[in-house]
1. Under the condition of being of a type outside the set (Gly, Ala, Ser) and surrounded by fewer than 16 Cβ atoms within 10 Å (Cβ to Cβ), which residue from the range 43-69 is modelled with the highest pLDDT?
2. Please give the number of the condition Asp85 fails out of (1) under 26 Å from Lys106 (Cβ atoms); (2) under 13 Å from the mean Cα position of the chain (by Cα).
3. Checking the condition among the aromatic types (Phe, Trp, Tyr) and in contact with a Lys or Arg (Cβ under 7 Å, 6 or more places away or on another chain), which residue from Tyr38, Tyr78 passes?
4. State which residue pairs qualify: first residue over 26 Å from Tyr59 (Cα atoms) and of a type in the set (S, T, N, Q) and inside the range 10-29, second residue at pLDDT 95 or above and assigned to a loop (DSSP other than H, G, I, E, B) in any location, beta carbons under 9 Å apart, and separation of 6 or more residues or different chains.
5. Can you tell me which residue is nearest to Phe113 (Cα to Cα) among those in the range 53-84 that are touching a helix residue (DSSP H, G or I) at 6+ places or on another chain (Cβ under 8 Å) and part of a loop (DSSP other than H, G, I, E, B)?
Amino acid sequence: MTNRKAQSEINNVKNEILSNIKKLGFTIEKSDLGKSIYLLNGNIMIDLIYASLNSRNEYFFGIEEEQFINAYNTNRNYFQIFVCDNVDQIFVIPLAFMIEILKDAKSNDHVAFHQWKPIIRQRNGAFYYTIKWYL
C-alpha cells in the first residue's frame, strides 16, 4: 500500500521542480504527448513522474509504453525524471540509459495500456533502481 499524498500536494512538488528548472534559464511548455511530458526551450523533452513511498519502503512508478515510445520517436533529447516524494529526491535518467534499462523488460498490461513498473529503493543510504518483471 502506498502512502500517497493528496493530488494537490503532488502538484505542488511538481510545480516547485518546474519552477527550479525555470530558474536555470529554461522555458517550459506542456507537450501534447502525455500529461507528464514537458518541453524545455522547445527541444528538450522531460517526462516528470511522481511516486510516494509505499509500505515496502519503495517508490513504485509506471511508465506508459506507448507514451514513452512516442516521445522517443519524436525527440531524442529526452530525460525521464523520477520524483521520489519530494523535491530533494529526484533522479534524472537520459534517454540512452532508459533505452538500455527497458530494452529487455516486458511491460505489464494495465487495463487500456501497457506500463513498465520501475521501482526505486533506498538501502544503507544508497538508492537502487529496478524494473518489476512480468512473465
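1. Selected residue: Ile44.
2. Only one criterion in (1) under 26 Å from Lys106 (Cβ atoms); (2) under 13 Å from the mean Cα position of the chain (by Cα) is unmet by Asp85, namely (1).
3. Numbers: Tyr78 fails: in contact with a Lys or Arg (Cβ under 7 Å, 6 or more places away or on another chain).
Among Tyr38, Tyr78, only Tyr38 is among the aromatic types (Phe, Trp, Tyr) and in contact with a Lys or Arg (Cβ under 7 Å, 6 or more places away or on another chain).
4. Thr27/Asn41
5. Arg76
The values are calculated or read from the model by the stated rules, or taken from the named source; none is laboratory data. Quick caveat, the model's predicted, so the values are computed rather than measured. Cβ atoms come from the backbone with ideal geometry, glycine included; neighbour counts cover every protein chain shown.
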